[in-house]
Amino acid sequence: QVQLVESGGGLVQAGGSLSLSCAASGSIFNGMGWYRQAPGKQRELVARITRSGFTHYVAAVVGRFTVSRDNVKNTVSLQMNSLKPEDTAVYYCYVLGLVDGREYWGQGTPVTVSA
C-alpha cells in the first residue's frame, strides 16, 4: 500500500536552485530523505530527517541543501540552492516505515546542472 510520488526534478544552470518534493502514503514513517546516483557511481545518501526533526547531510551539500518534512501530510522536501554540475544525478525519495521497519524507494527524478 505504500506509494511515493516524486516531483521537482529538471534542468538548471550552475548556481541556480531547485526544489524536490516527495509525497508518501499508505503508512506512518520514521526516517525520510533523499539519495542520489550519478552515472557510474553508487547510490549515496544526500539528506535525511527523522520524525522528530533531526537531520543529516552528506558533507558535499552542507550549507546548500535543506531537507524538511510535514508529518501530517507525510511529505518530505529537499530545497537545493547554489547547485553545482557535480550535483547532477537521479534523486530518489526514501522513507522508512514506522510499523514494519521496511524501507521504500521512489521511482527517481533526474536533476541536471549545466555549467
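The values are calculated or read from the model by the stated rules, or taken from the named source; none is laboratory data. Quantities reported herein were computed from a predicted structural model and do not represent experimental measurements. Glycine gets a Cβ as well: all are built from the backbone with ideal geometry, and neighbour counts include every protein chain shown. Heavy atoms of the whole protein, side chains included, go into the accessibility calculation; ligands, DNA and RNA do not. Shrake-Rupley method; radii C 1.70, N 1.55, O 1.52, S 1.80 Å.
Just a few scattered comments:
- For the pair Glu86 and Val5, label points projected 7 Å from Cα toward Cβ lie 3.6 nm apart.
- Average Cα contact separation per residue, the chain, under 8 Å, 6 or more apart, as relative contact order %: 36 percent
- Share of carbon and sulfur in the accessible heavy-atom surface of the chain [1.4 Å probe, %]: 50 percent
- Computed over the chain with a Gaussian network model linking Cα atoms closer than 10 Å, the most mobile of Val61, Val95, Val76 is Val61.
- Each Lys and Arg Cβ is given +1 and each Asp and Glu Cβ -1; about its Cα centre, the stretch 41-85 then shows a dipole of about 100 debye.
- Seen through its C-alpha gyration tensor, with square-root eigenvalues sorted a ≥ b ≥ c, the chain comes out prolate because a/c lies at 1.5 or above while a/b is bigger than b/c.
- Charge dipole of the chain about the Cα centre (unit charges at C-beta), most positive-ward option of Leu98, Pro110, Val61: Val61
- Put simply, the amide H of His56, placed in the peptide plane, has neighbours under 5 Å in Arg48, leaving out anything fewer than 5 places away on its chain.
- Student exercise, the chain dipole from Lys, Arg, Asp, Glu Cβ charges, in Debye to nearest 20: 120 debye
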